[in-house]
1. Determine if the stretch 125-137 includes at least one residue that is more than 24 Å from ARG13 (Cβ to Cβ) and of a type in the set (Ser, Thr, Tyr).
2. Can you pull out every residue in the stretch 31-50 that is at pLDDT 95 or above, buried (at least 16 other Cβ atoms within 10 Å of the Cβ) and on the phi < 0 side of the Ramachandran plot?
3. Take the residues in the stretch 4-30 that are part of a loop (DSSP other than H, G, I, E, B) and not aliphatic (A, V, I, L, M); name whichever of them is modelled with the lowest pLDDT.
Amino acid sequence: MDIQILRGNFPARIDAKGRLKVPSAFRLCIKDEHGLELFVTSLTGEYVRIYPMPVWLALESKLMLMPSAHPSRMRFLERVNFFGQPAEMDRQGRVLIHGHLRESAGCIGEVAVLGKVNHLDVWNDERFRTKLKNDKFTEADALALAEYGV
């Protein structure tokens, strides 16, 4: 079986109870490839990041290779654990984004759900459009990608 890739942008809504209905293209890919258990977090609080649990566990395994007192490891874990909680996708494909993260990310109502190969990022649509406008794709970006044949 080919590994399924999470790609594209699908608009969605976060309802009044804080549940994101994961777009069907992503929902089917995650469920078929990884199951329904998720880790919902953020590194900065500006957006919501949703990892299928097996992807998150593989990332934690890599972190275990670093010394436990390494400052970068500590800062990473402080942030993802501050914003993070395990979650499960329900039968309707909804996942709860807990209130603290939802508020920090401004993710209420219309959101953009972006595929990031092996996880999803959920952004307040307006905030993400502003980010795109302010964070330009540069010549240096193009050169860095060219080194990898992209």
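1. no
2. Result: LEU36, GLU37, LEU38, PHE39, VAL40, THR41, SER42, GLU46, TYR47, VAL48, ARG49, ILE50.
3. Step by step, filter the stretch 4-30, then rank; the result is GLN4.
The values are calculated or read from the model by the stated rules, or taken from the named source; none is laboratory data. Keep in mind that what you see is a predicted model, and the values were worked out from it rather than measured. Quick reminder, even Gly has a Cβ in these numbers, built from the backbone with ideal geometry, and neighbours come from all protein chains shown.
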